[in-house]
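Novice: Let me begin by handing over the structure; questions about it come next.
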Amino acid sequence: MSLVRFATWLLLLVLVVASGLQVARTSQEVRSLHVLREQAQREQDEHLAEYSRLLIERAALSAYQSVERTARDELGMSFPEDVERIEP
Amino acid sequence: MKLWRHYTVVGLFVVSCAGLVARVVYLNVTQREFLQQQGDARSIRFETLPAYRGVVYDRLGEPLAVSTPVVAVWTDPSLTRFDATTLRALTEVLDLDRVALERRLGAQAKREFMYVKRRVPWKKAEQLRALGLEGVFFQPEYRRYYPASETTAHVVGVTDVDDVGLEGIELSFNDLLKGQHGRKMVLKDRRGNTVQDLEYLSAPQFGTDLTLSLDLRLQFFAYRELKAAVAVYRAVSASLVMLDVRTGEILALVNLPSYNPNDLSNNHYQGMRNRAVTDAYEPGSTVKPFTVLAALESGRYRPSTLIDTNPGYFRVGRKLVEDRRNFGVISLGEVLQKSSQVGIARVALALDERAVYDVLNRAGAGAYVGTGLPGESIGKLSDRGLGNPVMRATLAYGYGLAVSPLQLARAYLSLATFGIRIPVSVVKQNDPPKGRRVFDADRVGEVLDMMVGVTEDGGTAPKARVTGYRVAGKTGTSRKVGSAGYDDRRHVALFAGIVPATNPRIVMVVVVNEPQGKNISGGTVAAPIFSRVAARTMRLLGVKPDSPVSPSRSV
């Protein structure tokens, strides 16, 4: 009887210690995950900043005025002012 | 003998222990909730995680409004006194005036929150973060940037410093664009530094991207042409609306004066009004096609029916209706082509009292367009007083009603679709919208043919011609109402047109408000703008010419 009681006590003790360790491990894990999340958040911000910068840059490059200027000044193109019909 | 001292000490010890235990029990059991709350209130903070606002694109995927991550730098002046090095670092990195910053810090010394600077670029904030300054905190936020700037300012609108829509699409589609803020719970120390993230309550939900129906290329070109015209004619303002006939989408919507949505600091607010939507004008002769349509619907008129406009003027009650010159006896088509006030008034007076009003009503004058652009004007179209011949005569040539340029474009859209009224939208449509027939297709076809006459030789708007295409249109020049009735010096020049007339693809309305100069009719001021913008549009959209151009060479 006393052996059974001793075994029960021992088991409970082991369980208490194990769960205590688990708590410590989990909170450590939570902490490192938070750090990871923070990092990911920063990375996302960085990428978003880059993405929006590129979008704006693309918009600036493809703006009608600059395309027209390049076509006219650098490539020597001109807008056809008269319609010309060419028959096959 | 000394035993009493022993017991006294023990007794005192027991009593003080009991006292402490009682206190612990009291605090732990009875006061626990209160104390926990107070503790949390001093150390636990909720922080919002801003959501990335959706990007606004034009129909071809060009960005019109983009958010970039920036950082708000703030401090708690009640806790922190900056030393000289911190101040120097702040003013240098953030490009602030040191005296002004010190003055602000002094003025807000009792506050617990003060922005040092908002909208700091991400790179600079990182630079500052790396210095690890005491008492300097960073709050992520977003700044809106508009690549097309004043060209699309009226449609796209702006957001305020807190990223909430103020104008245009930014306002009306704010809920869709803004997304959902996230929240997290953090533990802070006495100085306000975050010690630990306790819990993420919700992650930020990004806003939804929005694709508008605008074509930025057409928008740019329309803006440029309008700007040139406003400069030449020293006009107060000008608006242009272009609709796609197949889908009812707004391809271009431009107003002058405009504003730079990227910098509202030195803004004068009159440039912010989206006049094409919010301002109603008396449309003048541009309503004549609808009067002609009413005449055809009565069954008593054909395009060739002759109308006597002699002697070039006549009286309706006390009102004198007059033409520029005496056109004599002309056909209904010529009445439209030459924009004869006498002719159109005679026709209108011969019709049922409600006939012209009814046609305008079906075309959507005086009714909301409902595109979602804020501040839309309903204009004015009333059936009161139609028993009065003066009202009917003036309505026939476009006075006594008021429409916004957008409404006028919608009315012409119902002609361009050969009588089907379809909804107008500013958001890109994937499927052609369902319309409702309001006019008979054959009669509208006859009206369109007559409207082509307007841009042919002998019409009022040969300057609206587009080489290779048949243009159906109508000019309008209306006097504005001044302090004492109609003002003879202040005009609105209009042109509304449809190209190509055979198989319409676009509807365009050009309104120039108060042009200055000698010859400032719709045919000389507004028609050339229409012609140039329409010519480019036809080419950019790849529309097949419907007017024969003689072959200049063979291959």
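Novice: Give the calculated FRET efficiency between B:K188 and B:V438 to the nearest 0.05, with a Förster radius of 56 Å applied to their Cβ-Cβ distance.
Specialist: For B:K188 and B:V438, the calculated efficiency is 0.30.
Novice: From the phi angles alone, apply the Karplus equation (6.51, -1.76, 1.60; θ = phi - 60°) to segment A:58-65 and give each ³J(HN,Hα) in whole Hz, x where the residue is Gly or Pro.
Specialist: Coupling constants for segment A:58-65: 4, 4, 5, 6, 8, 4, 3, 4 Hz.
Novice: Once every DSSP H run of n ≥ 4 in chain A is given -39500 (n - 2.57) and the sum is divided by its residues, what mean residue ellipticity at 222 nm do you get, rounded to the nearest 500 deg cm²/dmol?
Specialist: Calculated at 222 nm, the ellipticity per residue is -27500 deg cm²/dmol.
Novice: If amide H atoms are built 1.01 Å from N in the plane of the peptide, which residues on other chains or at least 5 residues away come under 5 Å of the amide H of B:V427?
Specialist: Long-range HN contacts for B:V427: B:S213.
Novice: Once the Cβ-Cβ distance between B:R539 and A:V30 is put in as r, and R0 is 60 Å, what FRET efficiency do you end up with, to the nearest 0.05?
Specialist: 0.45
Novice: Also, quick follow-up: Mind listing which trypsin sites (Lys or Arg not before Pro) in segment B:299-385 are in a DSSP loop and have 14 or fewer other Cβ atoms within 10 Å?
Specialist: Answer by residue number: B:R300, B:R318, B:R324, B:R325, B:R354, B:R384.
Novice: Describe numerically, in nm with one decimal, the distance between label points set 7 Å from Cα along Cα→Cβ at B:R119 and at B:E92.
Specialist: 2.6 nm
Novice: Ranked from highest to lowest mean number of other Cβ atoms within 10 Å per residue, what is the order of the peptides B:41-52, B:250-261?
Specialist: B:250-261, B:41-52
Novice: Using amide H atoms built in the peptide plane, which far-off residues or other-chain residues are under 5 Å from B:T309 H to H?
Specialist: The list, which skips near neighbours in sequence, is B:G328, B:V329, B:I330.
Novice: For A:51-64, what's the mean count of beta carbons from other chains sitting within 10 Å of each residue's beta carbon?
Specialist: Per-residue shielding by partner chains comes out at 6.
Novice: Ok, one more. For a protection proxy built on the mean count of beta-carbon atoms within 10 angstrom, sort A:25-33, B:153-161 highest first, please.
Specialist: Per-residue Cβ counts within 10 Å, averaged per peptide and sorted highest first, yield B:153-161, A:25-33.
Novice: I'd like to compare A:15-21, B:135-141: which one has the highest average count of other Cβ atoms within 10 Å, and what's the full order after that?
Specialist: Averaged packing, sorted descending, gives the order B:135-141, A:15-21.
Novice: Right, next: For segment A:2-74, what is the Kirkwood estimate of the hydrodynamic radius, computed as the reciprocal of the mean inverse distance between distinct Cα atoms, to one decimal in Å?
Specialist: The Cα-based Kirkwood calculation yields 18.0 Å.
Novice: Report, by chain and number, residues whose modeled amide H sits under 5 Å from the one on B:H491, excluding near sequence neighbours (fewer than 5 apart, same chain).
Specialist: Placed amide hydrogens put B:K480, B:E514 under 5 Å from B:H491.
Novice: Taking the Cα centre of segment B:357-434 as the origin, how large is its charge dipole in debye, to the nearest 20, when only Lys and Arg (+1) and Asp and Glu (-1) carry charge on their Cβ atoms?
Specialist: Value, rounded to 20: 40 debye.
Novice: Add -39500 (n - 2.57) for each DSSP H run of 4 or more in chain B, then divide by its residues: what number comes out at 222 nm, to the nearest 500 deg cm²/dmol?
Specialist: -10500 deg cm²/dmol
Novice: Explain nothing, just compute: Karplus ³J(HN,Hα) = 6.51 cos²θ - 1.76 cosθ + 1.60, θ = phi - 60°, for every residue of segment B:22-38 in order, whole Hz, x for Gly and Pro.
Specialist: 4, 5, 4, 4, 4, 5, 6, 9, 6, 9, 3, 4, 4, 5, 4, 4, 4
Novice: Given the C-alpha centroids of segment B:93-156 and segment B:327-388, what is the distance between them in whole angstrom?
Specialist: 55 Å
Novice: Also, quick follow-up: Enumerate by residue number the trypsin sites (Lys or Arg not before Pro) in segment B:184-278 meeting two conditions: DSSP loop (anything except H, G, I, E, B), and at most 13 other Cβ atoms within 10 Å of the site's Cβ.
Specialist: Counting only loop positions with at most 13 other Cβ atoms within 10 Å, the trypsin sites (Lys or Arg not before Pro) in segment B:184-278 are B:R190, B:R191, B:R234.
Novice: Ok, one more. I'd like the FRET efficiency for A:A71 and A:Q41, computed as 1/(1 + (r/R0)^6) with the beta carbon distance as r and R0 of 45 Å, rounded to 0.05.
Specialist: That pair, A:A71 with A:Q41, gives E of 0.55.
Novice: Extension gain B:Q270-B:L201, at 0.36 nm per residue separation less the Cα-Cα distance, in nm?
Specialist: 20.5 nm is the gain from fully extending B:Q270 to B:L201.
Novice: Mind jotting down the distance between the C-alpha centroids of segment B:185-203 and segment B:430-449, whole Å?
Specialist: Measuring centre to centre over Cα atoms gives 63 Å.
Novice: Taking segment B:400-477, which trypsin sites (Lys or Arg not before Pro) meet the DSSP loop condition and have no more than 15 other C-beta atoms within 10 Å?
Specialist: B:K434
Novice: A further question follows. Per the Kirkwood formula on distinct C-alpha pairs, the Rh of chain B is how many angstrom?
Specialist: Final number for the Kirkwood radius of chain B is 27.9 Å.
Novice: Can you give the mean number of other chain Cβ atoms that lie within 10 Å of the Cβ atoms in peptide B:116-127?
Specialist: Mean partner-chain Cβ count within 10 Å for B:116-127: 1.
Novice: Something else now. If you place +1 on the Cβ of every Lys and Arg, -1 on the Cβ of every Asp and Glu, and leave all else neutral, what size is the dipole of the protein assembly as shown about its Cα centre, to the nearest 20 Debye?
Specialist: Dipole size: approximately 1260 debye.
Novice: With every atom except the alpha carbons ignored, what do you get for Rg and Dmax of segment B:20-71, in angstroms?
Specialist: 25.0, 76
Novice: Further question: Per the Kirkwood formula on distinct C-alpha pairs, the Rh of segment B:97-216 is how many angstrom?
Specialist: 17.7 Å
Novice: Hey, what do the phi angles of segment B:172-186 turn into as Karplus ³J(HN,Hα) couplings, whole Hz, using 6.51/-1.76/1.60 and θ = phi - 60°, x for Gly and Pro?
Specialist: Karplus values, whole Hz, x for Gly and Pro: 6, 10, 4, 4, 6, 6, 6, x, 9, 4, x, 9, 9, 9, 10.
We did not get these values from a lab; they are worked out from the coordinates using the rules stated. If you're wondering where the values come from, they're calculated on a predicted model, not measured in any experiment. A quick note on method: Cβ atoms are made from the backbone with ideal geometry, for glycine too, and the neighbour counts reach across all protein chains shown.
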